[in-house]
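Each remark here refers to the structure printed beneath this line.
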Amino acid sequence: MPLLDYILEQPSYGWKDDRGNLIKPSNGQILKEFFSRLNVFKTRKNWLPFFCWFTVLCLFPFLVVFIFKFFNWYLFAAAFVYSMIIMGTHGTIWHHRYCTHGAYRFRNSFWRFFTQNLTIKAIPEEIYALSHHVHHAKSDQPGDPYNANAGFLYCFLADVNHQPINRNLSETDYNKALNLMKHTGIKANSYRQYLKWGSIAHPLTTFLETFLNWAFWYAIFYLIGGHGLACALFGGAFVWAVGVRTFNYEGHGKGEDKRTDGIDYNRKDMSINQLWPGIVAGEWHNNHHLYPRSARSGFKAHQVDFAWYYIKFMSMIGAVTAYRDSKKQFLKEHHEPYINSKKQNLAGSKN
């Protein structure tokens, strides 16, 4: 079987039934799986899913302190922009277009490290990238780790229930999985360490990278605006870290076909272009599924794409040495034929 068929740890309720149909677990089954996979006392191989939500919970006190001690509308506006636009755009730049799809290439490891740490670190690269390869290979099909057809909770808790790497890969398959991650600069476990920890990343390295990232950004925010600004922006990071887990449910029509002619050209899955994620994060999702390896997904004039602007700027100063831009291909293969078809239909109706 292709590696992407089994690279992720299958949940206890499975991906599909004997007839190949998607298994839609109850909310109770999903929650049971969630808490089972968070249990580091059951097995240390649960450390990465546990760390994902431990990180989120550690951000929550900053939000509480901001609301009850430092709240004002200026800081609220700063937190809103940081959460919705800056962290949203960075997630698209780093986790989505680089870590998963390799849509552009850095000149050296300095610029990669610089881009990786542009914002507060909230999601481990391993959890995002490997599962997102599977998402594109099996969009809206059984095995898609955040399949909107299985409901909101199925998607919202996917980072724990469906996205961790299979803990029983052969050494050959583990090395293939490493090849999907090596360009990210992640310090990978040896195969022996992988068997011990059940992950590509090592817990100590992951903890230190996150701690140093948080310490750096708290210090910067404090120097700019004191504890009030620091708590506001770290609280905003909490809102983003929770909110981003809802995106694929929304971005795939909540399990319904919400694609619109002239807006959503990809018809191979249920992904849709949405104004808000597109404008604040460059996440024109249907466009992205049409050309997943493109460094730009805002192809039309109104489709703002801050992630693309960053990548293009980095290219202009020499920090990025290569990128893929599928805009011309999109216009030629999809948008222009649609416009011409509309014109022909209009002319035919007049005749």
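No lab work stands behind these numbers, since they all come straight from the coordinates. Everything quoted here is computed from the prediction, not taken from an experiment. Here the Cβ positions follow ideal geometry from the backbone for every residue, glycine too, while neighbour counts run over all protein chains shown.
Worth a mention:
- Among the residues of the stretch 3-56, the ones that are under 20 Å from R167 (Cβ atoms) and assigned to a loop (DSSP other than H, G, I, E, B) come to 14 in all.
- Among the criteria (1) under 15 Å from the mean Cα position of the chain (by Cα); (2) in contact (Cβ under 8 Å) with a residue 12 or more places away in the chain, the one D144 does not fulfil is (2).
- Helices (runs of 4 or more DSSP H) enclosed by the stretch 287-351 - at least 1 residues per element that are closer than 30 Å to A129 by Cβ and in contact with a strand residue (DSSP E or B) (Cβ under 6 Å, 6 or more places away or on another chain): 306-316
- Pairing residues of the stretch 18-35 that are of a type in the set (G, A, S) with residues that are part of a loop (DSSP other than H, G, I, E, B), at Cβ distances under 7 Å and at least 6 apart in sequence or on separate chains, gives G20/P142.
- Test: residue in the stretch 240-252 that is surrounded by fewer than 18 Cβ atoms within 10 Å (Cβ to Cβ) and in a loop (DSSP other than H, G, I, E, B): no
- The stretch 127-159: number of residues that are among the aromatic types (F, W, Y) and surrounded by fewer than 23 Cβ atoms within 10 Å (Cβ to Cβ): 3
- Those residues of the stretch 112-137 which are within 24 Å of K45 (Cβ to Cβ) and over 12 Å from the mean Cα position of the chain (by Cα), in sequence order: K121, V134
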